[in-house]
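Have a look at the structure below, then the notes.
Rule-based calculations on the coordinates, nothing more; no lab input. The shown structure was predicted, so the numbers you read here are calculated from the model rather than taken from an experiment. For neighbour counting, all protein chains shown are included, and Cβ atoms are generated from backbone atoms with ideal geometry for every residue, glycine included.
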Amino acid sequence: MLEESYPDAQCGLEAEKDPFKLLVMAVLSAQTTDKIVNKVAKTLFIRFPTPESIAYSEPGELKQEIRSIGLYNSKSKNLRLACRRLVEVYGSVLPSDMDELLTLAGVGRKVANLIRGDLFGLGGIVADTHCIRICGRLGFVESKNPIVVERTMDALIPKEAQSDFCHRIVLFGREICNAKKPLCERCFLKEYCCYIKSS
């Protein structure tokens, strides 16, 4: 039903399937909207077009470029460290292995799963706020712990469908099942929803 409503599910980050861009934008997107990240990225990648350009930039340079994004201090520090490791350990080629991705500063399981699913076709449940909220409301999982949600949904959704499922959940969360005031009367999943039944 999600596939019928959102047949062309795409990542909200306009990274053009570029591994370096997706890494940077995914790290920047924590607690920030995709819309703001996409806007900042337009000028960011003109000034910093490669992992090397971020890795060996002066400490304040990147910070200045991403100032309009929340947590820009820690994000600029993490991105410089991540890009340095990417250049020096991986020859500027983004790894696909979960454990290797997690060694990059600023990359947690959510970002790693996004990268593995979108770039490498390896699947991965991106347990962001939309996924946690909606999978809970639909009754798939009771926990709000991202790892519990990830593992539960990983067992339910086939690997090849996980990336699209996560993008669809985000669209569904923005349009219908939002956090504060879900539009339950308009929802095409309402007959299966535990949240409606309990409210």
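The alpha-carbon atoms of segment 124-198, seen along their principal axes, cover 31, 22, 20 angstrom, with the largest extent given first.
Where does the chain land at 222 nm, in deg cm²/dmol rounded to the nearest 500, when only DSSP H runs of n ≥ 4 count, each adding -39500 (n - 2.57), divided by all residues? Could the numbers behind the result be given before it?
Values: 12 runs with 117 residues, N = 199.
Taking each H run of at least 4 residues, the total per residue is -17000 deg cm²/dmol.
3J(HN,Hα) couplings calculated from phi for segment 187-199 with the Karplus curve 6.51 cos²θ - 1.76 cosθ + 1.60 (θ = phi - 60°) are, in sequence order, 6, 7, 10, 4, 6, 10, 8, 6, 4, 5, 5, 8, 9 Hz; Gly and Pro show x. Using C-alpha pairs under 8 Å with a sequence gap of at least 6, the mean separation divided by the residue count of segment 124-198 gives a relative contact order of 36 percent.
About its Cα centre, the dipole of segment 45-199 is roughly 700 debye, where the only charges are +1 on Lys and Arg Cβ and -1 on Asp and Glu Cβ.
Given the alternatives (1) 46, 36, 32; (2) 46, 36, 36; (3) 55, 31, 28, Cα extents along the principal axes in Å as computed for this entry is given by (3).
For the chain, relative contact order (Cα pairs under 8 Å, six or more residues apart, normalised by length) works out to 19 percent.
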